[in-house]
Every structure is written in structure tokens, then in C-alpha cells.
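The next block holds one structure in the form of C-alpha cells; read it before the comments.
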């Protein structure tokens, strides 16, 4: 069954946080290096994407924990598996290998759980992060016209990752945690170019991030403006993730549900980080907030971002199962 058909039947569940689940293992520099990179010349601790090569069992186990909790959509561990982000670790040459290995781990886990219950097929989304650079803003306050990356640089970066993810067999692509709409546009340009060149119709999700209670992305757009800016992108869904906890995200999801003519996704953090950098929202508390959105008819895909565990996803899945998915509005054509 196609995921687009399932979206008409029920609210789907996307998995929870990969990064904070990895942190629970308290991995050392040596753990990140493994045998293969034991003598690598640069520090590797914190390069979570590398773990698909050096600690694949940990990544596989995390995937399976989220699937066991009820996730329909599994994100690959490839948030930073792109040439721009990997430059920090001097591992640009590993981009294809990282994406290939990450997809295999996720596909194997998804296939195992689909086989257990064929009536609940599991899907693998190739996770495409925003990179660590912004095309819209200068990193130098003394030189506002400077840009650390160009649109063409981003397109080349995203094209490499998109090709690797598609070749490895992902079911859909997820451009997530978008803080700069221009970065997102570069990703969509890369995706749609590859799709056109290959004659593919792979579904694409986009998820932006509202950075604070002002209700705007880092590059200054409201949720509605963000949607309008990317609505041409032939998307399966649009939504929000990260940055905020569920209570703070409520008005922005409501706004996006009001204007978008595609399914809405939302996977908030488990609250805002406390003074120790930890997340305090309980599974029950977070599920109660998301259940309200389901009841209001605002969402089609729900799950969790930073700090969310399998327990959070399980509670959210139970809550979401009580409600029908958001009806998709008819797109209105405007003549000028």
C-alpha cells in the first residue's frame, strides 16, 4: 500500500529522537571511531551519522524500539550525512557510504516489523537536515552581506545526498528542521531535478522549525509564509518539528493546518531543554497535547523530536489512533 493511501485512512506515526537516544549510550571517542577509524587524524565524538558504520547495532536497536512503539515512518540516521556538515569531521568522502549504510539499517528494521504485521506497513524516510550553514543570513555581524554558502553549493550538496538515499532504496524523502527557507528551496530543487531526470515519483515531506514564541523561522517567516514559499514543491506533506515543545507549537500547527492543502505533520520536542540540557515533558503530557490537535482535526502525521523516547511515541500512537486524519482542503486556483 502507498503511504499516500494510508494518510487518507488514519493518522500516521513518525518516530522519535535519534540524537538523544544515542546520547543515552554515553559513547566515548573510541566508540565513535570503532576499529575502522581508530587512527583517524581528527576528533569524531559527536558525529552521530558515523555510527551507522562504527556502531550499527546501536542504530538498528533504536530503530526497532521506535517501530515496536508504533512508528509507521522511520527516519534514517542521516541528518548530517551531507558534504557541508561532514566537512567539520573531515569526512566529506564518506557521504555516499554513510547514507547507503543508514538506509540499509532502517530498511532492514522496517521490513522485519512489516513482516510481523503486514496490515501495518512501515516506511523509511531519508532524513535530510538543514546543514550547518544558512543561505539567507550572514554569520558575521560586521559583514551582513557575507554568506558562508551559496544556493548552488547547497544544491550540489543536497543532490549528492538525495541520489545516495534514493539509490539505497528509501520510500520517501524528508527535508526536516528547516530554519532557512532558502536552504529548503535548494533541497527541493535538488530533489525535483533528480526526480525529473530519473522519472521518479518518490513522496517528499518538508518540516520546518519555528525557533521561538515569535512564531517565525530563523530566516524570519511565519508558518503561513513558509508554506506559501514552498507550496510549489510537489509535496506529500508539510509541517513543523523541533525547537519548541508541544504546548508552544500549538498556534503554529493550527495556522499551518488552516492554509496548507497537503497533509500536516508535527513532531515537537519533549518540552524545552532544562538547565542540564535534558527534556522534561512526559509521554503522557505530550500525548495529551497532541491528542488535542488530533481531535481538532489539524494533523495527519505526528511523532516526536528531541528528547522523545519510545515511551513518548507509544503514548502518542495510542492517542492518535482514536481520531480520523485531517481532511485535506481542496487547492483553490487564483487568477491574476
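Just a few scattered comments:
- Nitroxide proxy distance, nm - points 7 Å out along Cα→Cβ at residue 232 and residue 97: 3.9
- Distance-filtered residues of the range 17-33 - backbone nitrogen under 19 Å, label point 7 angstrom along residue 90 Cα→Cβ: 29-33
- Modelled spin-label separation between residue 224 and residue 4, with each label point placed 7 Å from Cα along the Cα-to-Cβ direction: 2.8 nm.
- Between 311, 119, 153, the GNM of the chain built on Cα springs shorter than 10 angstrom shows 119 fluctuating the most.
- Efficiency of FRET between residue 259 and residue 151 - r from beta-carbon atoms, R0 30 angstrom, step 0.05: 0.70
- Across the chain, the relative contact order, built from alpha-carbon pairs under 8 Å that are at least six residues apart, equals 19 percent.
- Rounded to 0.05, the FRET efficiency of the residue 276 and residue 36 pair, given R0 = 45 Å and the Cβ-Cβ distance, is 0.85.
- Among 104-111, 226-233, the order from most to least packed when residues are scored by Cβ within 10 Å on average: 104-111, 226-233
- A straight chain from residue 216 to residue 23 at 0.36 nm per residue would run longer than the Cα-Cα distance by 66.6 nm.
- Residue 328 paired with residue 112, simple spin-label distance in nm, labels 7 Å along Cα-to-beta-carbon: 3.3
Here, each number is a calculation from the coordinates, and none is a lab measurement. Small disclaimer: the values here were computed from a predicted structure and weren't measured. For neighbour counting, all protein chains shown are included, and Cβ atoms are generated from backbone atoms with ideal geometry for every residue, glycine included.
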